[in-house]
Amino acid sequence: MRSSRVPQALTCGIAALLVAACSGDPAPAPAPVEPEAEPAPVPTEFEGQAPPGIEGEVLRVLHGDDVDAHDIFADPLGVRISPVGDAFLISSGGEDRHLLQDAATGADLWEGEVRFRGFGTDLTGAPVLLMSDGDRPFVLDPAGAVLWEPAEEGDRYLDGVGVRRPDEWSAQEPYGEYTVLAADGEELWGYEFAAPPGEPSEEPADPEDEEAEEPEEAEEAADEPQRLGVPVTAWDGAVLLASGDGALHARSLDSEEPGGELWTLDVGTDGDLGLTDLAPLPVPHVLGLFPLPAAEDGKAADEDTRESADPGDDVLLVRWSSAESPSVLSAHDPADGDVLWTLEEPGPNPVGGAYDPAGPAGGLYDATTGTFLLPQASGTATAVAVDLAAGEVRWGLEEEDGAFSPAFTHAGFVYGTDRGGESDSQVVLDALDMDVVADDLDAHVEAVTDGGHAILVQGRQRFVYGPPPQEEPEETGEPSESPSESPDDDAS
């Protein structure tokens, strides 16, 4: 007899259904499906205390269905927020889209779908935004107005001025004609950066050429005092040129004497730097111009501080790097180049290019205490905190402290993450002595503006925290002594 191909389990199941149908008993109902729990609403009330250094009150929130916020905050990949002056730059996480908002009021100052290239400064040291729309670079000030655009293709922005380099410029062949321009494109000063004497020319000289340069003429050319160089930074009234041979030349941008010599630093001849015996000679990299803290209550500067580094003055900081020796920091009076102090770092640091523009090399500066936190590539510390007024190391992050990653400074504090601890929550250090001020915070600080407005992140919500906007004076029928200025209407 042929056996059935129906599985036994299926046969038993059919029999059970037949019995149930004959008996009249209903089939068991399927288990009810519970509805998915709705996500908790985004909180709108800040709980706890603000982190150290943050003062004021909650002004507004940036997320939630009931919040009248710009649609950039609904980006599915989130946003990044950075401070610039007294404004916040909100950048889309999913595309090149940016929004600049007034930190106090939340008013939109500028928005655009362009590429953000980084932060810079103007001639006064105020922060600016470096942007580009396709191949066209431009610069915005913190109010959203266009500060600079290239007058000609190839013009570059440098700390408040424009620089026009020779055609087909390269770090290997930087020689040729240069022009320094104002932010509006006006030509301030032009000069030639000549190749050093004895540099081989592209074509060998004809020995029968009667007009060939005589040896005496070559010697006279070698006696010329300066070869100028490539602009690497600028500030109000001056531009600093690197000549590629260990020298920095400060030249005037004053309209009465554009290009006039102000001062020169030469590592090969300046004994005050104490580097003339090193071989090879260190390469200078300008870290920037930094303001020292103003004296409190009319107090004078510390007795150990040089007279030309008084509170409230600006200090020009230069790192002299060599691959074989510890790098050296030197502080200078930007008015005359005088050496205020020098300080040997724990070990060698990257030499970099001879014509690199000024930049803090990853450093953080706290203007409240005058503390400059500078990462180290070698030596006993991963970073050192330098007192820019006295030229002394206040503290250093040793290898065992290397898990702390500093992010930014504000009001005498260093904010960062201790990735070597039990969690990667934000940690706040005292900028003067590295003491931990707080490490179990109710919220972490994402960004703080120059005016003290902060973004605090807590429970999927961003809170704008800080002093309320100043109230406008009541109308009295008399003209105001200091009328407020609005951003340019034609800002890009």
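Considering only segment 318-415, give the strands (runs of 3 or more DSSP E) lying wholly within it that have at least 3 residues that are among the aliphatic types (A, V, I, L, M) and farther than 25 Å from ARG251 by Cβ. Write out each step before concluding.
Details: elements: 328-332, 339-344, 364-366, 371-375, 381-387, 392-398, 404-410.
Correct list: 381-387.
In segment 233-276, what count of residues is obtained for those that are in a strand (DSSP E or B), among the β-branched types (Val, Ile, Thr) and crowded, with 23+ Cβ neighbours inside 10 Å?
Our first condition is that a residue be in a strand (DSSP E or B); within segment 233-276, this holds for 233-235, 238-242, 247-252, 261-266.
Checking which are among the β-branched types (Val, Ile, Thr) leaves us with 233, 239, 264.
Going one step further and asking which of them are crowded, with 23+ Cβ neighbours inside 10 Å, we end up with 233, 239.
Of the residues in that region, 2 qualify.
Which residues, counting only those in segment 144-189, are under 20 Å from the mean Cα position of the chain (by Cα) and either part of a strand (DSSP E or B) or crowded, with 19+ Cβ neighbours inside 10 Å (or both)?
Taking segment 144-189 as the starting set, the residues that turn out to be under 20 Å from the mean Cα position of the chain (by Cα) are 144-148, 156-162.
Selection gives GLY144, VAL146, LEU147, TRP148, ARG156, TYR157, LEU158, ASP159, GLY160, VAL161, GLY162.
Here is a list of conditions, (1) hydrophobic (A, V, I, L, M, F, W, C); (2) under 30 Å from GLU257 (Cβ atoms); (3) in contact (Cβ under 8 Å) with a residue 40 or more places away in the chain, and ALA182 meets all of them except one; can you say which number that is?
(3)
So, in segment 438-477, exactly how many residues are surrounded by 12 or more Cβ atoms within 10 Å (Cβ to Cβ), of a type in the set (Val, Ile, Thr) and modelled with pLDDT under 95? Explain how you work it out, then say what you get.
So the first thing to find is which residues in segment 438-477 are surrounded by 12 or more Cβ atoms within 10 Å (Cβ to Cβ), and the list is 438-439, 441-467, 469.
Of the ones still in play, those that are also of a type in the set (Val, Ile, Thr) are 445, 448-449, 455, 457, 464.
Among the residues that remain, those that are also modelled with pLDDT under 95 are: none.
Here the count works out to 0.
Determine, yes or no, whether ALA69 is among the small types (Gly, Ala, Ser), in contact (Cβ under 8 Å) with a residue 60 or more places away in the chain, surrounded by 14 or more Cβ atoms within 10 Å (Cβ to Cβ) and part of a loop (DSSP other than H, G, I, E, B). Full working, then the answer.
Values: among the small types (Gly, Ala, Ser): yes; in contact (Cβ under 8 Å) with a residue 60 or more places away in the chain: no; surrounded by 14 or more Cβ atoms within 10 Å (Cβ to Cβ): yes; part of a loop (DSSP other than H, G, I, E, B): yes.
So ALA69 does not fit the description; no.
Output yes when any residue across segment 193-209 is modelled with pLDDT of 90 or more, crowded, with 18+ Cβ neighbours inside 10 Å and of a type in the set (Gly, Ala, Ser), and no when none is. First the steps, then the outcome.
Going through segment 193-209, the residues modelled with pLDDT of 90 or more turn out to be 193-195.
The next check asks that each one be crowded, with 18+ Cβ neighbours inside 10 Å; those that pass are 193.
When the remaining residues are screened for being of a type in the set (Gly, Ala, Ser), the result is none.
No, segment 193-209 contains no residue that is modelled with pLDDT of 90 or more, crowded, with 18+ Cβ neighbours inside 10 Å and of a type in the set (Gly, Ala, Ser).
In segment 128-142, what residues are within 18 Å of the chain's Cα centre (by Cα) and outside any strand (DSSP E or B)?
ASP141, PRO142
The values are calculated or read from the model by the stated rules, or taken from the named source; none is laboratory data. Everything quoted here is computed from the prediction, not taken from an experiment. Please note: Cβ atoms are built from the backbone with ideal geometry, for glycine as well, and neighbour counts cover all protein chains shown.
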